[in-house]
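Asks: Okay, here's the structure, questions in a sec.
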Amino acid sequence: MKSTCEEARNWVPRALMSDLTPREEQALNAHLAECSACLGEQQLYSEVLSQVRAVPDSPVPRHFFVYPDERSFSVIEFLRGLAPGWKLAASVVVLTIAVLGGLMAARLQFRAEHGVYTFSFGRPLPPAVPVRNSAIEIQALRAELTGLLAARSNTERAEWINALRQQIKESNRYGARQQQQWNAALANLETRLNDRIEDSAVTLTAGMEQSASNVFRTLQRQRQQDLALTRTRLEHLATRGELKEQETDEILSTLLQVARLPEK
Amino acid sequence: MENILDSALSQTRALTNQNAESSQEAAWVAGSQRGDAVSFNRLVLKWERPIYNLSLRMLRDADEAAEATQEVFLLAFKGIRRFRLDAQFSTWLYRIAANHCTSRLRKRPPGVHLSLDGSHEGTEAGQSLAAAECPEREFFRKESDHKVRRALEYLQPEQRIVVELKFFQEMTFDQIALVVEAPLSTVKSRLYHGLEILKIRLARGAAR
């Protein structure tokens, strides 16, 4: 296998480190036999290695002993030295704390804005209040807000007035309807009362007339009965011849006066 | 025949010693895991020199390397209970050292280059004797060391640690992959790129 100088130069340091395959070593040796430049490269590498390997070690300036005090307490080493049961208990405690800490950290929310620090645990953070530093912005905002408020107030007032007018209209209509109804009802009542009065008057008149005629008939009947009785008595007296003529005449005149009462 | 026997015997002895060292180290590690500082300091005695030199070549400053080495052993002492006994202690220790030195390098401000000029001079008797006997050789040796250390500065931390572990700690590619916790192909790529940079830097240095 023929190799190029580039390949040979890559192989030279590897050959010195015994890092070539037998085939590569054979190819290198064959190339070095023919190429003086690569051979010079190999010699240069050999010299470098000789120089490097010739550098002696320096003696230690002192001993580097360690002392038991230098080994400070380590929590991890202490845990490693525990019995398996205690290791398990410690692991459970650490895991529980880690889980609880993680849960707490997950629920904890924090916001830092414009020098205001807001913490929240379990609840969403309140919305951030934007802070404006400019006085001009504040004035403009104030004017805008005032205008908006005035416009809104006017709108609301107009709406309120319209609503009120509507209600008044409605109530007027309702009142008028009611009034009509009342009027109709009153008229109806008046008519019925008049009718009733008339009926009552008619009935009363008829009753009075009836009563008067009954009285007259009764009186007339009594008068006739009295006359009949008186006649009977007079006849009886006349027959018996006890009454005086004057008395008889007076009695007759009285009876006649009574009989002259007008008939109704 | 005798040579073969001698060779077999020496290999057996080496293996036995290695096994003995491994079991001894395992005992020290087990003792350290029980909280025995004396056992751990025996491990420190064994590994402080390679760890210190690794830190020194990575950080290029003796004081910082000493500080880093002390921190590495302290980290190892604190974490020894996490070490699995079926793994290799050296791999684990080198991993701590490599990560610590790499993080220290990354924390450095860019453009800071600390120099080891004169700071790596040893006080071992052999070196002093060699210097006394052949000052010229010693001079060239120091010069070469200085050039290599300067060239190492141009490597990225990831490349530097791989070069350190391969050439100075004499680890295999697989062991280095375990230490730096990277795939084998990545380790090889970093090493060969690092070698390329060293070659260029040392060649430039020689040309001057």
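The values are calculated or read from the model by the stated rules, or taken from the named source; none is laboratory data. Predicted model, so just to flag it, every value in this text is computed and none were measured. Neighbour counts run over all protein chains shown; Cβ positions are idealised from the backbone, glycine included. Side chains included, ligands, DNA and RNA excluded: accessible areas come from the protein's heavy atoms. Shrake-Rupley method; radii C 1.70, N 1.55, O 1.52, S 1.80 Å.
Asks: Tell me, what is the percent relative contact order of chain A, built from C-alpha pairs under 8 Å that lie six or more residues apart? Each step should come with its number before you reach the end.
Replies: On the way: 69 pairs, mean separation 18.9, N = 264.
This gives 7 percent for chain A.
Asks: Which whole number gives the average count of other chain Cβ atoms within 10 Å of the Cβ atoms across peptide A:13-25?
Replies: Mean shielding by partner chains, rounded to a whole number: 2.
Asks: With unit charges on the beta carbons (Lys and Arg positive, Asp and Glu negative) and the dipole taken about the Cα centre of region A:161-264, which residue among A:L237, A:N172, A:A201 sits farthest to the positive side?
Replies: So the residue we want is A:N172.
Asks: Something else about it: Quick one: pull the percent of accessible area on the protein assembly as shown belonging to carbon and sulfur, 1.4 Å probe, ligands and nucleic acids left out.
Replies: Ligands and nucleic acids excluded, carbon and sulfur reach 56 percent.
Asks: Count charges around B:L43 for me, please; just the other residues with Cβ under 13 Å from its Cβ, Lys/Arg as +1, Asp/Glu as -1.
Replies: -1
Asks: Now a separate question. So if I place +1 on the C-beta of Lys and Arg and -1 on the C-beta of Asp and Glu, and nothing else carries charge, what would the dipole magnitude of region A:148-212 be about its Cα centre? I want it in debye, nearest 20. Kindly include the intermediate steps, with their values, before the conclusion.
Replies: Working: 8 positive and 8 negative charges, 138 e Å.
Result for region A:148-212 is approximately 660 debye, rounded to the nearest 20.
Asks: Counting only other residues whose beta carbon sits under 11 Å from that of A:L227, what net charge do I get with K and R as +1, D and E as -1?
Replies: Neighbour charge sum, excluding A:L227 itself: +3.
Asks: Give me the percent relative contact order of region B:152-208, please, defined on Cα pairs under 8 angstrom at least 6 residues apart. Provide the component values of the computation, followed by the final result.
Replies: On the way: 33 pairs, mean separation 23.5, N = 57.
Reported as a whole number, the value is 41 percent.
Asks: May I pose another question? Please label the shape of the protein assembly as shown as rounded, prolate or oblate, based on the square roots a ≥ b ≥ c of the eigenvalues of the alpha-carbon gyration tensor (a/c under 1.5 means rounded; beyond that, a/b larger than b/c means prolate, else oblate).
Replies: Verdict is prolate for the protein assembly as shown.
Asks: Find the relative contact order for region A:47-202 and round it to a whole percent, using C-alpha pairs within less than 8 Å whose residues are 6+ positions apart.
Replies: Details: 29 pairs, mean separation 10.9, N = 156.
After rounding, I find 7 percent.
Asks: What total accessible surface area, summed over both chains, is buried at the interface between chains A and B, computed with a 1.4 Å probe and given in Å² to the nearest 100?
Replies: That pair of chains buries around 3700 Å² in total.
Asks: Ok, one more. With +1 on the Cβ of every Lys and Arg and -1 on the Cβ of every Asp and Glu, and nothing else charged, how large is the dipole of chain A about its Cα centre, in debye rounded to the nearest 20?
Replies: 800 debye
Asks: I'd like to know which of B:G79, B:L54, B:Q24 lies farthest towards the positive end of the charge dipole of region B:9-79, counting +1 on Cβ of Lys and Arg and -1 on Cβ of Asp and Glu.
Replies: Farthest along the dipole direction, towards plus: B:Q24.
Asks: Something else about it: Within 10 Å of each Cβ in peptide A:45-53, how many partner chain Cβ atoms are there on average? Round it to a whole number, please.
Replies: 6
Asks: Applying 1/(1 + (r/R0)^6) with R0 = 60 Å to the Cβ-Cβ distance of B:R81 and A:T4, what FRET efficiency is obtained, to the nearest 0.05? Intermediate results must be reported in sequence, preceding the final value.
Replies: On the way: r = 55 Å, r/R0 = 0.91.
After rounding to 0.05, the efficiency reads 0.65.
Asks: I would also like to ask the following. Output the peptides B:52-62, A:178-188 sorted from most to least packed, where packing is the average of other Cβ atoms within 10 Å over each peptide's residues.
Replies: B:52-62, A:178-188
Asks: With a/c under 1.5 counting as rounded, go ahead and sort region A:96-219 into rounded, prolate or oblate using the C-alpha gyration tensor (a ≥ b ≥ c being the square roots of the eigenvalues; past the cut-off, prolate if a/b is larger than b/c, else oblate).
Replies: Oblate is the answer for region A:96-219, as a/c is 1.5 or above yet b/c matches or exceeds a/b.
Asks: Then there is this: Work out the length of the dipole vector of the protein assembly as shown about its Cα centre, built from +1 on the beta-carbon of each Lys and Arg and -1 on the beta-carbon of each Asp and Glu, and round it to the nearest 20 debye.
Replies: Around 860 debye, computed over the protein assembly as shown.
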